[in-house]
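Below is one structure, written out as structure tokens; comments come after it.
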Amino acid sequence: MSAARAADRILQRPIPKTGETIPAVGLGTWQGFDVAGDAAETAQAREALKTLVDLGGRMIDSSPMYGSAESVSGQLAEELGVKSKLFVATKVWTSGKQAGIRQMEDSMRKLRVERLDLMQVHNLVDAGTHLATLREWKKAGRVRYLGVTHYHAGAHADLERHIKPGDVDFVQVNYSLAEPEADRRLLAAAADSRTAVIVNRPFAEGAMFGRVKGKPVPEWAKDIGCANWAQFFLKWILGHPAVTCAIPGTRNAKHVADNLGAAAGALPDEAMRRRMAAHFGSL
Ligand SMILES: NC(=O)c1ccc[n+]([C@@H]2O[C@H](COP(=O)([O-])OP(=O)(O)OC[C@H]3O[C@@H](n4cnc5c(N)ncnc54)[C@H](OP(=O)(O)O)[C@@H]3O)[C@@H](O)[C@H]2O)c1
């Protein structure tokens, strides 16, 4: 199937501030793409990125915190000739205005882009300083969108404070059946402020697969197209209307395909989401 035809099957969600759409499942590069110097692992990462794009995915998420992941992603995107198709997100993770500028310029070189689709303040480190720089960069066309991230419920109130004024385009946050706390306020605050939501840790860093190991996906979940547990977990996330995109981390091409499959076909409604949560809670 051509990438264009595959993309037709993949759910696209709008970025609220502009209406531009992105596929509802992307790819996280933490750990999986920190593989420079290892030819076999780099080949796996290449296959994973190729599979993402072949199946209609576009969004990749990286950070200078992830070792060689930015440079490996940039190199593979160029080798595969898919640079123009990708929506590239990375982060700034340092303190001080000049250090932030140096790091962001370094990330653009490593990712081999002249303009980043999305630059996020990683874990809110020196957020005020970097957001001020990023507002200037956005005006100058060096980044298209700006955002803030965290991975822990303890920071959700801080994330909410940053998105409430309404001039942050994206919030990236942990949200899953195992870590559902963003449900309490943050996702509603994102919807109210028209902030796009990227979901990190959709599998609680893989721990959720340990919990369901050896247990079958329930038959009733197959009615909404959950062919495997990854799709069960991701469809529950995507069933929340405030979620724009989830970014499971892997360099396993088969896992990329399973994950993209969650963005095809039906999604659970609220009653089904409650049933899925109750079932997961019972395991
Ligand atoms: N503060 C932040 O901004 C922040 C924090 C955390 C994460 N993130 C971002 O979010 C991304 C995702 O989070 P994460 O990587 O921590 O955790 P995750 O996506 O919840 O889980 C990753 C784990 O799930 C496994 N996995 C992925 N797809 C699978 C599938 N279809 N079937 C079975 N296992 C599967 C992977 O194993 P395999 O490798 O074997 O596939 C890996 O061990 C990161 O890569 C990063 O880009 C950002």
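The values are calculated or read from the model by the stated rules, or taken from the named source; none is laboratory data. What you are looking at is a predicted structure, and each value in this text was computed from that prediction instead of being measured. As a convention, Cβ positions derive from the backbone with ideal geometry for all residues, glycine included, and neighbour counts pool all protein chains shown. When the accessible area is computed, the model is the full protein with side chains, heavy atoms only, and any ligands, DNA or RNA have been set aside. Shrake-Rupley method; radii C 1.70, N 1.55, O 1.52, S 1.80 Å.
Bin by bin, in steps of 5 Å, what percent of the Cα pairs in the stretch 67-215 do you find, going until the bin that has the longest distance?
2, 9, 18, 19, 19, 15, 11, 5, 2, 1, 0
Would you please name the trypsin sites (Lys or Arg not before Pro) within the stretch 176-246 that are DSSP coil residues with at most 16 other C-beta atoms within 10 Å of their C-beta?
184, 185, 194, 213
Can you figure out the FRET efficiency of residue 109 with residue 252, using R₀ = 30 Å and their beta-carbon distance, to the nearest 0.05?
The pair residue 109/residue 252 has a calculated efficiency of 0.60.
Write out the trypsin sites (Lys or Arg not before Pro) in the stretch 87-148 meeting two conditions: DSSP loop, and at most 16 other Cβ atoms within 10 Å of their Cβ.
Qualifying residues, ordered by number: 112, 115.
Stretch residue 185-residue 17 to full length: gain in nm at 0.36 nm per residue minus the Cα-Cα span?
The residue 185-residue 17 span can extend by a further 58.5 nm.
So what J values fall out for the stretch 56-64 if you push phi through Karplus, 6.51 cos²θ - 1.76 cosθ + 1.60 with θ = phi - 60°, rounded to Hz, Gly and Pro as x?
Couplings: x, x, 9, 8, 10, 10, 9, 6, x Hz.
At most 12 other Cβ atoms within 10 Å and a DSSP loop assignment: could you name the GluC sites (Glu not before Pro) in the stretch 1-92 that fit?
Hits after loop and neighbour filter: nothing returned.
Once you have the Cα-Cα distance between residue 79 and residue 31, take 0.36 nm times their residue separation minus that, and quote the gain in nm to one decimal.
Full extension of this stretch gives 15.2 nm more.
Quote to one decimal, in nm, the extra length available between residue 227 and residue 209 on full extension: 0.36 nm per residue of separation minus the C-alpha distance between them.
5.1 nm
Using mean Cβ contacts within 10 Å as the protection proxy, how do 120-129, 262-271 order, highest first?
For the peptides 120-129, 262-271, the packing ranking is 120-129, 262-271.
Where a ≥ b ≥ c are the square roots of the eigenvalues of the C-alpha gyration tensor, would you call the chain rounded, which needs a/c under 1.5, or, failing that, prolate if a/b is larger than b/c, or oblate?
Cα axes put the chain in the oblate bin.
What is the Cα coordinate range of the stretch 103-179 on the first, second and third principal axes, sorted by size from largest, in whole angstrom?
Answer, in whole Å and largest first: 37, 26, 18 Å.
Determine the per residue accessible area of the stretch 105-208 with all protein chains present and a 1.4 angstrom probe, expressed in square angstrom.
Using a 1.4 Å probe on heavy atoms only, each residue of the stretch 105-208 averages 41 Å².
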